[in-house]
């Protein structure tokens, strides 16, 4: 996932992996959790961004977090998730009783849509993140959120990656949209244009809503991988999807979204994104 201020700083300094949590992060004072995050980041750095994801020996506590989140999301998904997400979930068929390996999930997605996961140690520069999407390759993290906050993560952990983005990538229509974002960023030279695309990605692919049979449904990976985010939809300021407004709207990474944008349907979402991504140009 692309980087943003407020997320942990994870970097390789001369062969030494450094993980710095901001003070607001639940793992900031947890020495054991910090050590675990360093080890998982080291595995991703060793593997490299274009390789298959290395297997991680997840701990009993990490397995418990996965089971807790999986069980808690079942009911909210039925109530809040859009039709395309539920179809993708049926196809991907993630196990609820164990934490799957990222490579295992990637193999299944590749069979379904030709998309795949590759490992990322943490947040990425926007251009690095989006460019890989043009190859239908999503660079995903493999660490697990802090056990003290299983229902919300201030950063995209593997639960977010596979339940949110993995389920979407298992659906052809969604996988095509990810690829379109990648091709768009590859042809843009300016930082300002890439930043605008990132905002649109956030409020559609991460925190998007669509109308379905008169009801508002979640279609974004951030919303669909967090019980708290799904519950917050009822309290959010929901506005019609308008890419001009979306480009200017700041988003929150350390809490629930106060503002969300809703498309008239999934078809409408596709049309809006297709028009926007094919039309955006660098400023001259």
For this session: Tell me the label-point distance for the pair residue 189, residue 38, using the 7 Å Cα-to-Cβ offset, in nm and rounded to one decimal.
Result: 4.3 nm
Exercise. Spin-label point model (7 Å from Cα, Cβ direction): what's the residue 253 to residue 46 distance in nm?
Worked result: 2.7 nm
Exercise. Looking at the stretch 133-274, what % of the alpha carbon pairs are farther apart than 23 Å?
Worked result: 32 percent
For this session: Taking just the C-alpha trace of the stretch 96-194, give me its Rg and Dmax in Å.
Result: 13.9, 45
Exercise. Given 0.36 nm per residue, what is the gain on full extension from residue 74 to residue 86 after removing their alpha carbon distance, in nm?
Worked result: 3.3 nm
Problem set entry | Against the rule of thumb 2.2 N^0.38 Å, how large the Cα Rg of the stretch 69-126 comes out | 1.29
Exercise. For the residue pair residue 172 and residue 55, what label-to-label distance in nm results when each label sits 7 Å from Cα along the Cα-to-beta-carbon direction?
Worked result: 3.3 nm
Exercise. Quick one: Cα convex hull volume of the chain, Å³ per residue?
Worked result: 121 Å³
Exercise. Taking neighbour counts of Cβ atoms within 10 Å as a proxy for exposure, in what order, fewest first, do 74, 59 appear?
Worked result: 74, 59
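Here, each number is a calculation from the coordinates, and none is a lab measurement. Here the structure is a predicted model, which is why all the values come from computation and not from measurement. Neighbour counts are summed over all protein chains in view; Cβ atoms, including those assigned to glycine, are modelled from backbone coordinates with ideal geometry.
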